[in-house]
Amino acid sequence: YVLCVSFTSVSLKGRSCLTLKDFSPDEIKKVLWVSGDLKHRIKHEKQCLTLLQGKSVAMIFEKRSTRTRMSTETGFALLGGHPCFLTSQDIHLGVNESSTDTARVLSGFCDIVLARVYSHTTLEELEKEASIPIINGLSDLYHPIQILADFLTLQEHYGSLSGLTVSWIGDGNNVLHSFMMCAPKLGVHLKIATPKGYTPDQSVIEEAQRLSTQHGTRLSLTSDPMEAAHNSDVLVTDTWVSMGQEEEKKRRLQDFAGYQITMQTGSVAKPDWTFLHCLPRKKEEVDDQVFYSPRSLVFQEAENRKWTIMGLMVSLLTDYTPHTPMMKF
């Protein structure tokens, strides 16, 4: 840990977080620092921090989720605030009330909105009309709050992020897109293996290539899982069949043959390689030997969803300055 005075001047108060593409390296590091600080003070030092007393968050969920719901509800309440959970049965977003009207109404009721939606454009519509911060709790394009948790987990495990090589072996999905928008800004090299036809969005690839050049990191794309895993610090995968893709399951499982992460995959990685998965996990994606091994950081990663969503909400709603020394990035 080192104390870094420059970060105290980084303020995110009043901002939204739809994608980490919009955040600078220092802004991402500040959120991670605040998250680690809250975890230390609340979990380890047993302090009571009512930083969000009197505030409320509207949680809009078009898609269900264990981690996103529980981390936001428990985290916001732990900080003294009031979470309000709204499913598609409670609020017909864009159906019987437009996103514009919903954004304006919620702006009068609460202090911040977290929305887990099908279409990223829904978030953009909410953000355009709201006078309060909007957080992307997952969209078809990005999943920024997952990536904050992933990088806090890796920072805790390795002590530093700069110079790490992360290998994504799986689908070119929203979680990968968020890795691509964030990793170069933290000095992390990214190796991506996706089957043909499952590559990341082309515009995201182009932006990631630009960021890698700008920040001096490496970005490689392949369809060979072993090539991606070679000499890597971290192996990452995710579900191959997301919500709404159930009808494609049989074809997808065929297309992802050979992509399961096993100890054999890890045999070409670095000796101290670790494994991440944002959950829920299925055995075809990673076998039990890896998933339940000491190399697997998945349950620390899941817990860190709570501390990072707390860190993000505190950063967007207050001028909080961490009390613990700055993490080494």
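The values are calculated or read from the model by the stated rules, or taken from the named source; none is laboratory data. Everything quoted here is computed from the prediction, not taken from an experiment. Neighbour counts are summed over all protein chains in view; Cβ atoms, including those assigned to glycine, are modelled from backbone coordinates with ideal geometry. Side chains included, ligands, DNA and RNA excluded: accessible areas come from the protein's heavy atoms. Shrake-Rupley method; radii C 1.70, N 1.55, O 1.52, S 1.80 Å.
How large is the charge dipole for region 205-283, taken about the Cα centre, if only the Cβ atoms of Lys, Arg (+1) and Asp, Glu (-1) carry charge, to the nearest 20 debye?
Working: 10 positive and 11 negative charges, 51 e Å.
Using Cβ point charges on Lys, Arg, Asp and Glu, region 205-283 gives about 240 debye.
Here the peptides 198-211, 140-153, 103-116 are ranked by packing, the mean other Cβ count within 10 Å, and the order with the highest first is 140-153, 103-116, 198-211.
Count the net charge of all other residues whose Cβ sits under 12 Å from the Cβ of Leu49, scoring Lys and Arg as +1 and Asp and Glu as -1. Mind showing how you got there, number by number?
Numbers: positive: Lys39, Arg41, Lys43, Lys46; negative: Asp37, Glu45.
Result for the neighbourhood of Leu49: +2.
Whole-Hz Karplus values for region 314-328 come out as 4, 5, 7, 10, 9, 9, 4, 10, x, 9, 8, x, 4, 5, 8 Hz, taken residue by residue from phi with 6.51 cos²θ - 1.76 cosθ + 1.60 and θ = phi - 60°; glycine and proline positions read x.
In the chain, what % of DSSP beta bridges are antiparallel (nearest 5)? Mind dumping the intermediate values first?
Numbers: 0 of 35 bridges.
In the chain, DSSP labels about 0 percent of beta bridges as antiparallel.
Can you give the charge dipole size of the chain about its Cα centre, rounded to the nearest 20 debye, using +1 on the beta carbon of Lys and Arg and -1 on the beta carbon of Asp and Glu? Please report the intermediate quantities before stating the final value.
Working: 34 positive and 38 negative charges, 145 e Å.
In debye, rounded to 20, the chain gives about 700.
Straight-line cross-link partners of Lys250 among the aspartates and glutamates, defined as a Cα under 18 Å from its Cα and at least 8 positions apart when in the same chain: Asp171, Asp238, Glu284, Glu285. Within the shell of other residues whose beta carbon sits under 15 angstrom from the beta carbon of Leu316, the net charge comes to -1, with Lys and Arg scored +1 and Asp and Glu -1.
Using the structure shown, select from Lys63/Lys196; Lys21/Lys128; Lys46/Lys185; Lys43/Lys191 the pairs with a Cα to Cα distance greater than 29 angstrom.
Details: Lys63/Lys196 27 Å; Lys21/Lys128 17 Å; Lys46/Lys185 32 Å; Lys43/Lys191 34 Å.
Those over the limit are Lys46/Lys185; Lys43/Lys191.
Treating region 197-298 as a set of equal point scatterers at the Cα positions, no solvent, please give the Debye-formula log₁₀ I(q)/I(0) at q = 0.16 Å⁻¹. For region 197-298, the Cα-only Debye profile gives -0.82.
Averaging Cα coordinates gives a centre for region 131-158 and one for region 62-109; these two points are 17 Å apart.
The protection proxy used here, the mean number of other Cβ atoms lying within 10 Å of each residue, ranks peptides 292-302, 76-86 as follows, highest first: 76-86, 292-302. Taking every alpha-carbon pair under 8 Å whose residues sit at least 6 apart, region 151-260 reaches a relative contact order of 32 percent.
Taking amide H atoms as placed 1.01 Å from N in the peptide plane, the amide H of Cys17 lies under 5 Å from those of Ile134, Ile135, Asn136, each 5 or more residues away in sequence or on another chain. Each residue of region 14-19 was assigned a 3J(HN,Hα) from its phi angle through the Karplus expression (A = 6.51, B = -1.76, C = 1.60, θ = phi - 60°), giving x, 7, 9, 9, 8, 7 Hz with x at Gly and Pro.
Beta-bridge orientation, region 184-311: approximately 0 percent antiparallel, per DSSP, counting only bridges with both partners inside. Per residue, the accessible area of the chain comes to 42 Å², computed with a 1.4 Å probe over protein heavy atoms only. Centre-to-centre, using Cα atoms only, region 168-190 and region 262-329 are separated by 14 Å. Here the relative contact order of region 1-85, from alpha carbon pairs under 8 Å that lie six or more residues apart, stands at 26 percent. 3J(HN,Hα) couplings calculated from phi for region 26-35 with the Karplus curve 6.51 cos²θ - 1.76 cosθ + 1.60 (θ = phi - 60°) are, in sequence order, 5, 5, 5, 5, 5, 4, 5, 5, 4, 4 Hz; Gly and Pro show x. By the gyration tensor of its Cα atoms, with a ≥ b ≥ c the square roots of the eigenvalues, what is the shape of region 45-154: rounded for a/c under 1.5, prolate for a/b over b/c, or oblate? Oblate, since a/c reaches 1.5 and b/c is not below a/b. What is the sum of charges around Ile145, taking Lys and Arg as +1, Asp and Glu as -1, for the other residues whose C-beta is under 11 Å from the C-beta of Ile145? Around Ile145, the surrounding residues sum to +3.
The fraction of accessible area contributed by carbon and sulfur in the chain is 50 percent, rounded to a whole number (1.4 Å probe; ligands and nucleic acids excluded).
Along the charge dipole of region 195-240, pointing to its positive end and built from +1/-1 on Cβ of Lys, Arg, Asp and Glu, which listed residue (Leu235, Pro200, Thr213) has its Cα farthest out? Going by the Cα projections, it comes out as Thr213. Based on the reciprocal of the average 1/r between different C-alpha atoms, the Kirkwood radius for region 1-79 equals 14.8 Å.
Against the globular-protein guess of 2.2 N^0.38 Å, express the Cα radius of gyration of region 104-169 as a ratio, rounded to two decimals. Could you put the intermediate results ahead of the total?
Numbers: Rg = 15.7 Å, N = 66, 2.2 N^0.38 = 10.8 Å.
Normalised Cα radius of gyration, region 104-169: 1.45.
All distinct Cα pairs of the chain go into the 1/r average, and the inverse of that average, the Kirkwood radius, is 20.1 Å. Each Cα pair under 8 Å and six or more residues apart adds its separation to the average, and for the chain the resulting relative contact order is 24 percent.
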